[in-house]
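What follows is one structure encoded as structure tokens, with my remarks underneath.
Every read-out reported here was derived from the displayed coordinates using simple, explicitly stated rules and does not represent laboratory data. Source: prediction; values computed, not measured. Backbone-built Cβ (ideal geometry, glycine too); neighbour counts: all protein chains shown.
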Amino acid sequence: MDMIMVAMLGAGIYLIGSVPSAYILVRLVKGVDLREAGTKNVGALNAYHQIGLWAGLLVLAADAGKGALAVGVPIWTGAPEWAFYVITPLVVAGHSWPVFLGFRGGKGAAAILGVSLAMLPWLTLMALLPAALAALLIRNVVLGAAFGFVLLNSLLVVTGQSAQMV
């Protein structure tokens with residue numbers, strides 16, 4: 001029964017991850033297909049470039065919310081602990097390869113941020129500030145995010161978190 005429940009939750013979370021918030025917002029506000037504008041990436045950074053800071057932050061919050069939801073759903077439904085390791089990658093897969101946009105989506109960083117914030121809020125916040133500072137200093141959000149993920153995983157190891165968390 002657990003396998004069936006986790007499979008159903010996983011399919012639902014993949015579909016939630018597939019909701020292309022950046023694409024929808026830019027299409028509604030500007031009438032532009034985000035896959036054909038700017039970086040052609042369906043994510044918060046391209047939404048920011050197309051319609052402004054408020055859009056980038058709104059998309060970032062929505063996409064991180066999808067990641068956090070993927071952590072909450074197994075808890076709320078009483079799914080077994082191992083379900084986290086199936087369900088959370090599926091929200092990122094949905095964001096990166098959304099069924100609603102022909103499997104062409106974002107990079108998944110915002111969804112991963114949401115998963116991380118929901119599972120390890122303090123360590124994530126500790127890594128977020130230096131990552132944001134690095135992104136501003138080097139003027140490259142992707143490298144700043146990569147630095148943040150490396151820093152977060154280093155913090156996980158240093159603080160003795162389980163191998164599953166890393």
Inset, instruction - Please report how far the C-alpha centroid of region 120-151 lies from that of region 1-77, rounded to the nearest whole angstrom. - result: 20 Å
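Report the full-extension gain for the segment Ala11 to Ser162: residue separation times 0.36 nm, less the Cα-Cα distance, to one decimal in nm. Numbers along the way, then the final one.
Values: separation 151, 0.36 × 151 = 54.36 nm, distance 2.65 nm.
Fully extending the segment from Ala11 to Ser162 adds 51.7 nm.
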Legend entry - Computed lengthening from Tyr85 to Val99, 0.36 nm per intervening residue step minus Cα-Cα distance: 2.9 nm
Legend entry - region 82-166: chymotrypsin sites (Phe, Trp or Tyr not before Pro) in DSSP coil with no more than 16 other Cβ atoms inside 10 Å: Phe103
Legend entry - DSSP-assigned coil residues among trypsin sites (Lys or Arg not before Pro) in region 79-166, each with at most 13 further Cβ atoms within 10 Å: Arg139
Inset, instruction - Just tell me, in residue order, which DSSP H segments of the chain are both 27 angstrom or longer along the helix axis (alpha-carbon based) and at least -0.5 in mean Kyte-Doolittle hydropathy. - result: 53-77
